[in-house]
Amino acid sequence: MKHLLSTADLDAATATEILDIATEMANVSGREIKKLPTLRGRTVVNLFYEDSTRTRISFEAAAKRLSADVINFSAKGSSVEKGESLKDTAWTLQAMGADAVVIRHPASGAPHRLADWVTGSVLNAGDGTHEHPTQALLDAYTMRSRMGRIDGLHVAIVGDVLHSRVARSNVLLLNTLGAKVTLVGPPTLVPTDLNASVQVAYDLDAVLPQADVVMMLRVQKERMTDSYFPSAREYSRRYGLDGARLRRMPAHAIVMHPGPMNRGMEITPEVADSPRSTIVEQVTNGVSVRMACLYLLLGGAR
Ligand code: CP
């Protein structure tokens, strides 16, 4: 595997291998020696055209724990603001010897174009409304570590599915790994054209008692026009996860959210901060999973 662009490119064996390597990485990180020499002498560039907290920092931490050199590039304050194209930016990074480029971009498909222009590996850290494969992998890792398996789980993905690259990558990966997925949200925010096997539901209260995992999504106000969206109060009333709804879920079921959260909109603080929530765990697991991805793509050998 040279690039990680989409979870559609991962078969069950490869996805499981990434999760298994991530488990090994987590064991290393948990011990006294926190750094591996695996990527010494290699350079990882974080190329971010959109804001990020979790993904950018955890890719940086992951690369550093593997002893790689890391260059952080933010479009804000760079020559992108003078009009430099993605292609010219890519060539500039190539000239500086990037072995891997981690890219987040507002345009769906930008990482795929980048992969044609650079000789190193490209990792998609979120492209428009298209995909966010490492988020889906860390979500799968979290499900497996909490529930002991992924095959046969019923995962409800709730909220603004239409604009969610997290949802798209999760649907594809969970299909591959044998989970059953139900998409839940207002009809205007749940696409029906996903090229994957999912159920669609509009009544959250009917789905909750049957779910093993409830993955809440951020309402992406920045990506929608007013016509798509009910009022915030109406949205919370019908699709927000609060304490009463949490108590209707099976006792073993967990609550996930990729972050950042709109507390009080799609999830209440009572639920986000409850022991049933894996939100902080997901962030921790993100470092090990991204270490596994860099390890698998860059391989350690020059
Ligand atoms: N989940 C996620 O992608 O978060 P960031 O936008 O903070 O990276």
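The values are calculated or read from the model by the stated rules, or taken from the named source; none is laboratory data. Note that the structure is predicted; figures quoted are calculated from it, not measured. Here the Cβ positions follow ideal geometry from the backbone for every residue, glycine too, while neighbour counts run over all protein chains shown.
Would you mind stating whether Arg40 is loosely packed, with under 14 Cβ neighbours inside 10 Å, of a type outside the set (Phe, Trp, Tyr) and in the same structural domain as Asn124 (by TED's automatic domain parsing)?
Judged against the criteria, Arg40 is a match.
With the structure loaded, tell me whether Thr142 is modelled with pLDDT of 95 or more, of a type in the set (S, T, N, Q), closer than 26 Å to Arg248 by Cα and in a helix (DSSP H, G or I) or whether it fails that test.
For Thr142, the condition - modelled with pLDDT of 95 or more, of a type in the set (S, T, N, Q), closer than 26 Å to Arg248 by Cα and in a helix (DSSP H, G or I) - is met.
Any chance segment 286-302 includes a residue that's polar (S, T, N, Q) and assigned by TED's automatic domain parsing to the domain that holds Val45?
Scanning segment 286-302 turns up at least one residue that is polar (S, T, N, Q) and assigned by TED's automatic domain parsing to the domain that holds Val45.
To keep it simple, each residue is scored yes or no on (1) among the acidic types (Asp, Glu); (2) away from the ligand (no atom under 14 Å from the Cβ); (3) not in a loop (DSSP other than H, G, I, E, B).
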| site | (1), (2), (3) |
| --- | --- |
| Leu93 | no, yes, yes |
| Val101 | no, yes, yes |
| Arg113 | no, yes, yes |
| Leu123 | no, no, yes |
| Thr134 | no, no, yes |
| Leu138 | no, no, yes |
| Asp151 | yes, yes, no |
| Ala167 | no, no, yes |
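Can you confirm whether Lys76 is surrounded by fewer than 16 Cβ atoms within 10 Å (Cβ to Cβ), within 16 Å of the ligand (Cβ to nearest atom) and without any contact (Cβ under 8 Å) to a residue 12 or more places away in the chain?
yes
Met1 fails exactly one of the following numbered conditions: (1) surrounded by 13 or more Cβ atoms within 10 Å (Cβ to Cβ); (2) in the same structural domain as Ala292 (by TED's automatic domain parsing). What is the number of that condition?
So Met1 meets the others, but not (2).
Scan Arg263, Arg248, Arg223 and give me the residue that is at negative phi, within 16 Å of the ligand (Cβ to nearest atom), assigned by TED's automatic domain parsing to the domain that holds Asn170 and touching a residue at least 24 places away in the same chain (Cβ under 8 Å).
Arg223
Here are Leu194, Leu208: which of them is assigned to a helix (DSSP H, G or I), surrounded by 15 or more Cβ atoms within 10 Å (Cβ to Cβ) and not charged (D, E, K, R)?
Leu208
When you look at Thr55, is it of a type in the set (Ser, Thr, Tyr), within 16 Å of the ligand (Cβ to nearest atom) and in the same structural domain as Glu222 (by TED's automatic domain parsing), yes or no?
Criteria not met by Thr55.
Inspect segment 172-186 for any residue being within 16 Å of the ligand (Cβ to nearest atom), outside the structural domain of Thr23 (by TED's automatic domain parsing) and either surrounded by fewer than 21 Cβ atoms within 10 Å (Cβ to Cβ) or in contact (Cβ under 8 Å) with a residue 12 or more places away in the chain (or both) and give the result as yes or no.
Looking for residues that are within 16 Å of the ligand (Cβ to nearest atom), outside the structural domain of Thr23 (by TED's automatic domain parsing) and either surrounded by fewer than 21 Cβ atoms within 10 Å (Cβ to Cβ) or in contact (Cβ under 8 Å) with a residue 12 or more places away in the chain (or both), one finds at least one in segment 172-186, hence yes.
Name the single residue, out of those in segment 72-106 being of a type in the set (Val, Ile, Thr) and modelled with pLDDT of 95 or more, that is farthest from Leu297 (Cα to Cα).
So, considering only residues that are of a type in the set (Val, Ile, Thr) and modelled with pLDDT of 95 or more, the one farthest from Leu297 (Cα to Cα) is Ile103.
Considering only residues of segment 226-244 that are crowded, with 19+ Cβ neighbours inside 10 Å and not hydroxyl-bearing (Ser, Thr, Tyr), which is nearest to the ligand (Cβ to nearest atom)?
Leu241
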